[in-house]
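The values are calculated or read from the model by the stated rules, or taken from the named source; none is laboratory data. Because the structure is a prediction, the values reported are computed rather than measured. Please note: Cβ atoms are built from the backbone with ideal geometry, for glycine as well, and neighbour counts cover all protein chains shown.
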Amino acid sequence: MIETAAIIRAEGKILLLKIPRGQGPPANNARYALPKTLIKSGEEPESALLRFLQDDLGMQSSPGCLAGHIERVDRDRSIRQIAYHVTTRSIDEQALARHSLQWLDEEDLDSQDLVAADQHLLKIFRATSTTYYQASADAYFAATSRIDPAAFLMPLTELLPVGATILDVGCGSGRDLLWLKQRGFVPTGFELSSALAGLAREHSGCPVIEGDFCTFAFHTLQVQAIVLIGALVHLQQPQLPSVLQRISQALLPGGFILLSLKEGVGTSSADDGRTFTLWSDRALRAIFATLGFEVVDHVRQESQVRKTDIWLEYLLRQSVADAHATNRQLSSLELNADS
């Protein structure tokens with residue numbers, strides 16, 4: 001059986017289902033859980049979640065990118081639980097009360113009694129969130145802002161006309177924004193951490209959008225290139241296809257994406273607690289092909305910050321075929337991806 005769950009956030013809070021004590025088997029006899037529903041025969045995970053939110057909870061919502069998945073056992077049944085980030089356009093607070101849904105502070109989640117599977121999914125979600133970059137914005141800025149980005153940006157800029165529009169997702173310190181602006185391009189930053197976004201604006205003099213790439217409506221932007229230098233390093237491998245597809249909606253036909261991820265197997269951890277997903281060239285090329293991108297250039301480089309890290313950098317071009325017609329393939333990838 002497959003179940004789909006919603007991670008719904010707003011203003012530092014997350015929406016959870018309150019479970020009356022004594023309901024459910026002992027393993028799930030917790031106080032809170034993510035709102036979720038079973039997927040019906042023939043349904044795609046995102047469609048099932050949309051049906052549940054609209055029909056059962058009365059929410060006007062849009063499932064975003066994959067947040068994570070886990071296998072669990074309930075009453076001797078094996079259930080695969082898939083969670084998505086969700087953007088809500090309209091919430092009826094009376095409906096929330098009827099369905100025992102409550103807003104809880106994200107900072108208090110560790111002290112709450114959550115269903116075990118949901119605890120794991122939220123741990124995955126929080127590992128890819130803004131916690132480190134918000135708290136350590138000044139230190140991160142100091143460590144990255146003085147690095148010369150020419151080596152990894154020039155393969156892209158050599159293919160663009162002066163004045164081209166560029167979206168720098170995960171712009172961090174604003175280092176790349178400033179470099180691009182000084183060479184006659186028109187860059188815009190995109191950053192989840194409000195602290196870093198402020199530093200990036202001050203450093204580069206460029207506009208910076210504050211948002212979550214799992215819920216932001218990228219189709220409202222139209223740019224000639226997207227820069228993703230280290231922006232997706234904290235995503236689990238099954239998450240990458242849907243996130244990359246969502247971000248690519250900002251791209252004009254025939255546009256370019258410059259992307260870098262760390263090479264290796266499994267994950268690695270930094271001394272500051274951050275966890276990085278590692279990739280092989282083969283796995284990444286398979287994802288790019290599924291999304292309708294061709295690899296124009298590929299470089300393998302040693303990190304300028306930590307010499308033991310190897311970066312895989314790709315310059316991608318959107319193929320003539322519409323890359324946004326791959327949603328069914330993406331759903332299939334998510335259902336079959338390894339945990």
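Numbers at a glance
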| quantity | calculated |
| --- | --- |
| Residues (touching a strand residue (DSSP E or B) at 6+ places or on another chain (Cβ under 6 Å) and outside any helix (DSSP H, G or I)) located in segment 38-50 | Leu38, Ile39 |
| Any hit, segment 31-44, residues being at pLDDT below 85 and among the hydrophobic types (A, V, I, L, M, F, W, C) | no |
| Test: residue in segment 245-258 that is closer than 18 Å to Gly170 by Cβ, of a type in the set (A, V, I, L, M, F, W, C) and in contact with a Pro (Cβ under 9 Å, 6 or more places away or on another chain) | yes |
| All positions within segment 167-223 that are of a type in the set (Val, Ile, Thr) and either buried (at least 22 other Cβ atoms within 10 Å of the Cβ) or within 27 Å of Gln239 (Cβ to Cβ) (or both) | Val169, Thr188, Val208, Ile209, Thr215, Thr220, Val223 |
| Any hit, segment 270-277, residues being in contact with a Pro (Cβ under 8 Å, 6 or more places away or on another chain) and surrounded by fewer than 16 Cβ atoms within 10 Å (Cβ to Cβ) | no |
| Conditions (1) surrounded by fewer than 21 Cβ atoms within 10 Å (Cβ to Cβ); (2) over 21 Å from Gly68 (Cα atoms); (3) touching a residue at least 12 places away in the same chain (Cβ under 8 Å): number failed by Glu158 | (3) |
| Residues of segment 166-219 that turn out to be of a type in the set (Gly, Ala, Ser) and closer than 23 Å to Leu316 by Cα, as a count | 6 |
| Residue match in segment 82-89 (condition: at pLDDT 75 or above, within 29 Å of His219 (Cβ to Cβ), among the aliphatic types (A, V, I, L, M) and touching a helix residue (DSSP H, G or I) at 6+ places or on another chain (Cβ under 6 Å)) | yes |
